[in-house]
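The values are calculated or read from the model by the stated rules, or taken from the named source; none is laboratory data. Quantities reported herein were computed from a predicted structural model and do not represent experimental measurements. Virtual Cβ from ideal backbone geometry, glycine too; neighbours counted across all protein chains shown. Only protein heavy atoms, including side chains, enter the accessible area calculation; ligands, DNA and RNA are left aside. Shrake-Rupley method; radii C 1.70, N 1.55, O 1.52, S 1.80 Å.
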Amino acid sequence: MDLSDDPDEAQFRHDVRTWLHNSLPKLPWPEPADLGAKAPFWRQWQRMLFDAGYAGLTWPKEYGGQGLDERMRAIFTEECDHAGAPERLNTIGEDFAGPTIAHFGTEAQKARYLRPILTGEEIWCQLFSEPDSGSDLASLRTKATKADGGWRIQGQKIWTSRAQLAAHAILLARTGGGERHKGITYFLLPMDSDGVTVRPLAHMLGEAEFNEVFLDEVFVSDDAVVGEVDGGWKVAMATLAFERVAIATGRVNTTKAIEDIIADIRTRKSADGSPLGADPHVRQKVADLWGRALVHRTISQRVISGAESDELPGPVTSIGKLYFCPLVEELADFRLSLEPLGGQFALDDERAEAQRWLRLANQSRGTAIAGGSTFIQRNIVAERILGMPRS
Amino acid sequence: MQWKLSEEQEAYQKTFRGWLADVAPSDRVRRWLDAGDASAFESRFIADGWAGVGLTEKLGGQGGGLVELALTAEELARAAAPSASWLATVLAVTALAGHPKLVEAALAGETVSLLVPAEAVPDRAPSLSVDAEGMVTGTAARVLAGDIATRFVVPVGAGGVRELRLVEAAAPGVSRTARRLLDRSRSVADVTLHQVPSVRLDVDAVDVLWQASAMAAVLVAADSLGATERVLDLAVEYSKQRHQFGFPIGSFQAVKHAAAAILVSVEAARSVVYFAAASVDGGAPQALLHAAAVKAQVTADGVRGADSALTIHGAIGYTWEHDLHLFFKRAKLDERLFGAPVVWNERIAEGLALI
């Protein structure tokens, strides 16, 4: 039970910190807020990571990764947050598609797809959810029909983040080998294929971040299948398991968030002119959030220690998201509550610092829904871990 | 960095859990609690060699540290076993460093207890007064194990603790009134000292009380973790057996979600309790804040979990006959014991220097 850095971890942290300190100023700051403008900014950053050997930290070396373990990835993410590195735009590529291809893909797939994820050349999206298949993913109806040398795909996907930027998608479609989970196949789809139409959807802050994707007789060749035909459910579940580990290694650094809030509070005064940090309600709230961020950090370390020792993901991996989502919401909400009118201004009428928290407050609601909403997660935890009977 | 119990720690937890299952099954525990006499359990606990686990060999223990003590606390709570004597002693015994005979006696059943109110954080508790002849006078209400202690470690000094002094509970001038707690697996007593002779303990009083505070926070949180594990086990088991509307109630989503929320609390608590124990042992710069966060978070979640488990049980959980109330009351007391969440959160706020 030791959460301080081992010598190799401390060395790695030092190297990363030094590199970030020297490299971040080379970017054309400020980071654009608009997704379209953000992509080239991010791409420049990702190329710098790749050239410096910081892309794909946990991926195997033969596919351009660094072959390091989850501890190093956690340290790297932590240092990036502390240094204010750009937002990661290709989480689907790096955390979902890449590890899945590395684990289940053919040699040809690995050779074709993995490196461009790490260099930043190709962004990925995930075509899983459909208008009538959200929580009940296995009911999906997008159909892949066998054709000469490949498959023809017909259907509609929705809530697809960054589809407008994506070069490729991981896609689930029904190939008909059986009911529900049994008849699903996992495909890799080039987004520039004929018959793919991307229509942006504005989220509740008014920005087009996710999309509807229409698939009209889209042809993919036989070598686009990952795993077995009709065996895609197993691959999809592995993708989601990779996601959970990625969330644990620091999708949002709650420790950094509460430290930022504390630094801000030290500069503020209450309406009566006394220091805001003297307000008993503020003190209780900050202490509570600090404590919960500490709990979150230890949960993450436990997941990382489990991942590192190749144990099967235990209960703690599944509960990570249930602990983490409400915490991020409350951190952002509390910080916004310090702004005039609780920071409830349109994005273009808000200063950058408040904008950051407003985005986080809203993104965290999205995170609680994406990849299995809170209620579905609770069902899963109750049935699979506690063994409670299915409804 | 590695979040992992050592092989020895895992083996200890397993062995001690097995011992408790054998020695302290629920029906026997209830007999001890009903009789208000835990001595049969306590003497067996000592005779079988558990009392020195988690205390350094230098002090006279069997080695290990706060992680081992936290494992002990968690397992005792899981069994609803009497633990006032054990907890009071592990918190006070470091004050006896340099007195090997007294340590030996404490670990052999002569309970030693800090003379502070059980709801106070030990290093902020009021101190008693001592005169030039070493006679101690004053009162501490609700002292943990105050009814059964053989000796008291008494913080004394005007305007804050200056030193710790040792008092024999049987000495003339000591009067104590046992108070009955709802949770009968722990006990307290109001203790008044009037001109009681004492011996000065040659330790750094501030350091010992700081250590006792951090340990109390972690160990009571570990106790709450153990109690919450059991209310969850009981609720899940019951939800599979109890049928309504033709189905086991555990198939209803409202019940599943309540149980899942308790599981989140349990796994969160497990993650942070052992971390904080190691942090205090290792003397990490933020060790007291880690302990504070654990006490505030885990014991508050424990109470919520106990409440929710009661709702899952329905009326049967509200009865004296069912075991649920043993753990419900244990969680309730843990929330208040050695500082409520609001007190420990204020301690965090102090440490974070918000002003």
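Listed values, structure above:
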read-out	value
Size of charge dipole - the protein assembly as shown - debye, nearest 20, with Cβ of Lys, Arg +1 and Asp, Glu -1, no other charges	1280
Percentage relative contact order, chain B, counting C-alpha pairs under 8 Å, at least six apart	16
Theoretical FRET efficiency, 1/(1+(r/R0)^6), r = Cβ-Cβ of residue B:171 and residue A:269, R0 51 Å, to 0.05	0.40
Burial of 40 Å² or greater, the range A:245-290 residues [accessible area, probe 1.4 Å, versus chain by itself]	A:266, A:283, A:284, A:287, A:290
√(5λ) per eigenvalue of the Cα gyration tensor, chain B, largest first, Å	35, 22, 20
Cα-centre dipole for the range B:129-176 with unit charges at Cβ (Lys and Arg positive, Asp and Glu negative), debye to 20	160
Euclidean distance of C-alpha centroids, the range A:75-117 and the range A:221-274, integer Å	14
Peptide-level mean, for A:376-388, of C-beta atoms on other protein chains within 10 Å	6
Integer Hz, Karplus 6.51/-1.76/1.60 couplings in order for the range A:93-107, x for Gly and Pro	x, 6, 9, 10, 5, x, x, 5, 5, 4, 8, 10, x, 6, 4
Surface share of carbon and sulfur [accessible, 1.4 angstrom probe, percent] for the range B:265-355	60
Filtered trypsin sites (Lys or Arg not before Pro), the range A:237-294: DSSP coil and at most 13 other beta carbons within 10 Å	A:268
Tail weight of P(r) past 51 Å, computed on alpha-carbon pairs of the protein assembly as shown, percent	22
Residue-averaged beta-carbon neighbours from other chains (10 angstrom radius) around B:245-256	4
Test item: Cα-centred dipole of chain A, Lys/Arg +1 and Asp/Glu -1 on Cβ, debye	520
Loop-located chymotrypsin sites (Phe, Trp or Tyr not before Pro) in the range B:223-320, at most 15 other Cβ atoms within 10 Å (DSSP)	B:245, B:320
Efficiency of FRET from Cβ geometry, residue A:208 and residue A:181, R₀ 35 Å, rounded to 0.05	0.60
Long-range tail of P(r) for chain A (Cα pairs > 42 Å, %)	13
Listing of the range B:277-309 residues, each with accessible area lower by at least 20 Å² in the full protein assembly than in the chain alone (probe 1.4 Å)	B:278, B:290, B:293, B:297
Loop sites in the range B:9-73: GluC sites (Glu not before Pro), DSSP, at most 12 other Cβ within 10 Å	B:57
Charge dipole of chain B about the Cα centre (unit charges at C-beta), most positive-ward option of B:260, B:96, B:222	B:260
Two-site label geometry, residue B:6 and residue B:316: point separation in nm, points 7 Å out along Cα→Cβ	4.3
Which listed pairs, of A:110/B:4; B:58/B:101; B:4/B:256; B:4/B:101, have C-alpha distances above 24 Å, in listed order	A:110/B:4; B:4/B:256; B:4/B:101
Distance between modelled label sites at residue A:192 and residue B:342, nm, 7 Å Cα→Cβ extension	6.4
Relative contact order for the range B:54-197, counting Cα pairs under 8 Å that sit 6 or more residues apart, in percent	22
Efficiency of FRET between residue B:355 and residue B:307 - r from beta-carbon atoms, R0 35 angstrom, step 0.05	0.50
With DNA, RNA and ligands ignored, accessible area of residue B:312 (1.4 Å probe; Å², nearest 10)	20
Of A:29, A:42, A:124, the one that fluctuates the most in a GNM where chain A has Cα springs shorter than 10 Å	A:29
Area hidden from solvent between A and B (accessible, protein heavy atoms only, 1.4 Å, total, Å²)	4400
Tilt relative to chain A, helix A:280-308 - C-alpha long axis, 0 to 90 degrees, to 10	40
For the protein assembly as shown, with +1 on Lys and Arg beta carbons and -1 on Asp and Glu, the positive-most of A:220, A:357, B:315 along the dipole	B:315
Most mobile listed residue (A:358, A:165, A:276) in chain A, GNM with C-alpha springs under 10 Å	A:276
Length-normalised contact order of the range B:213-260 in % [C-alpha pairs under 8 Å, at least 6 apart]	24
On Cα atoms only, tilt of A:352-369 relative to the major axis of chain A in degrees	40
Accessible surface of chain A [probe 1.4 Å, protein heavy atoms]: carbon and sulfur percent	53
0 to 90° range, to nearest 10: angle between helix B:287-313 axis and chain B longest Cα axis	40
Estimated distance in nm for a label pair at residue B:139 and residue B:162, the labels positioned 7 Å out from Cα along Cα-to-Cβ	2.4
